[in-house]
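Since the structure comes first, as structure tokens, the remarks are kept for the end.
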Amino acid sequence: MIKIITVLFIVVLSSAFFVNPCNAQKLHFIRFGGVAQGGTYSISYYSTDSINYKKEIDSILNKIDYSLSIYNPQSIISRINKNEYNVSLDKYFIDNFKKAIEMAKISDGIFDPTIAPLVNAWGFGFKNKIKLDSTKVDSIKQYVNYKFVKLENNRLVKAKKEVMLDFNAIAQGYSVDVVGDFLESRNINNYIVEIGGELKAKGRKENNKYWVAGIERPEADLNNRKLMARVELKDKALATSGNYHKFFIENGQKYSHSINPKTGYPAKNSLLSVTVLADDCFTADSHGTFFMILGKDKTIEYLKKHKNIQAYMIYSDDKGNLKTWESEELKFLILEQK
């Protein structure tokens, strides 16, 4: 359902149980995974019982998919995009809509949930790419503006029927948060949730150590994955956006899937990937998309004003060499860097 397939490797040490140093209770280790949202997921946690919540979590992910998947023709978002009458919205849709509009305002429209017509035209959505020139791009852009949509009495209202929504830039991060909230509602406070590479970690694993995630080296070959860094997660969410797995080349020009709604064209800058740490995965995911369009230098300026968000950027210099930049706060969480 959602953007780039896994760009992170989760480092987890398994065991039958360990003793929680806070209350001396034995905590059992549970780990499972599955398929969801066009990719895979992996969940690990410690609990005072041995209950496996895979069935409940699969049900949650299926409900989110039914609400937000642009690839499911019967989903709420698909029905809205087809202008079906009187479509009732659920909590998942409303949460994503509100967050997307909030992010659109923060980014001055660089992040825009009405980007779907452009994403489809460039061949990165649920339709095949069409032949584009500046005139065609401009004609599509007239339907891309977050100000064209609003909520009224639990219904979505469009200013133009051609407007279409796409929450792919935030839906996986949102799903991670929802699953994390579910685990906490079951008194599980030591866990890591990963869905399609986006993740959230809370508490610690055995031996009182924090959870660790790996940041992938940006290689186009999915069979040749290597790590650039390992990051310690202290009750944080992490999401990565990148342009190295999803692109096409036409007439010698490389076009990435990160579309700038202001120009109507794929973003052009030196960024190859950006990994964002935040308190929740919703925020991390949305900012990752925003930063990929914003570019390295402007992202650095943004981060100076938003200390609650940290980032690790991988970019290419003028000679094509891989370079990295990380927030000052993030430097203390990096365990290893290559």
Worksheet item: Just wondering, is there one or more residues in the stretch 265-281 that are closer than 20 Å to Gln172 by Cβ and of a type in the set (Phe, Trp, Tyr)?
Response: no
Discussion item. Let me spell it out: the conditions are (1) modelled with pLDDT of 95 or more; (2) in contact with a Phe, Trp or Tyr (Cβ under 6 Å, 6 or more places away or on another chain), and Ile70 meets all of them except one. Which number is the exception?
Written reply: (1)
Worksheet, complete the sentence: Among Met292, Met313, the single one that is under 15 Å from the mean Cα position of the chain (by Cα) and either crowded, with 19+ Cβ neighbours inside 10 Å or under 17 Å from Phe111 (Cβ atoms) (or both) is Met292
Practice prompt. With respect to Ile60, determine if the residue is under 15 Å from the mean Cα position of the chain (by Cα) and assigned to a helix (DSSP H, G or I).
Written response: no
Worksheet item: How many of the residues in the stretch 157-189 are outside any loop (DSSP other than H, G, I, E, B), surrounded by 20 or more Cβ atoms within 10 Å (Cβ to Cβ) and either among the aliphatic types (A, V, I, L, M) or more than 22 Å from the chain's Cα centre (by Cα) (or both)?
Response: 5
Discussion item. If I ask for residues that are touching a strand residue (DSSP E or B) at 6+ places or on another chain (Cβ under 9 Å), under 16 Å from Gly109 (Cα atoms) and not hydrophobic (A, V, I, L, M, F, W, C), which ones from the stretch 261-282 would you list?
Written reply: Tyr265, Pro266
Discussion item. Just to check your reading of the model, which residue among Tyr46, Tyr53 is within 29 Å of Arg230 (Cβ to Cβ), modelled with pLDDT of 95 or more and in contact with a His (Cβ under 8 Å, 6 or more places away or on another chain)?
Written reply: Tyr46
Discussion item. Cβ contacts < 8 Å: first residue farther than 9 Å from Gln172 by Cβ, restricted to the stretch 35-46; second residue of a type in the set (S, T, N, Q) and in a strand (DSSP E or B), any location; separation 6+ or different chain. Result?
Written reply: Tyr45/Asn190; Tyr46/Asn190
Discussion item. If Asn120 satisfies all but one of (1) more than 16 Å from the chain's Cα centre (by Cα); (2) more than 19 Å from Asn72 (Cα to Cα), what's the number of the condition it fails?
Written reply: (2)
Practice prompt. Go through the stretch 102-121 and count every residue that is surrounded by 19 or more Cβ atoms within 10 Å (Cβ to Cβ) and more than 17 Å from Ile140 (Cα to Cα).
Written response: 3
Worksheet, complete the sentence: Note on Glu326: of the conditions (1) over 20 Å from Arg217 (Cα atoms); (2) crowded, with 16+ Cβ neighbours inside 10 Å; (3) more than 14 Å from the chain's Cα centre (by Cα), unmet is (1)
Worksheet item: Just to be sure, is Ile80 at pLDDT 95 or above, under 18 Å from Ile192 (Cβ atoms) and among the aliphatic types (A, V, I, L, M)?
Response: no
Response to the item:
Looking across the stretch 143-156 at residues that are in a loop (DSSP other than H, G, I, E, B) and modelled with pLDDT of 95 or more, the single one that is surrounded by the fewest Cβ atoms within 10 Å (Cβ to Cβ) is Asn145
Practice prompt. Give the residues of the stretch 182-215 that are among the small types (Gly, Ala, Ser) and modelled with pLDDT of 95 or more, sorted by residue number.
Written response: Ser185, Ala201, Gly203
Item to complete: Filter the stretch 216-249 down to the residues that are in a loop (DSSP other than H, G, I, E, B) and at pLDDT 90 or above, then identify the one that is farthest from Lys331 (Cα to Cα).
Response: Asp235
Item to complete: Can you tell me which residue within the stretch 63-100, out of those that are more than 16 Å from the chain's Cα centre (by Cα) and of a type in the set (Val, Ile, Thr), is surrounded by the fewest Cβ atoms within 10 Å (Cβ to Cβ)?
Response: Ile94
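The values are calculated or read from the model by the stated rules, or taken from the named source; none is laboratory data. Fair warning: this is a prediction, and the values are worked out from it, not measured in the lab. Here the Cβ is made from the backbone with ideal geometry for all residues, glycine too, and neighbour counts use every protein chain on show.
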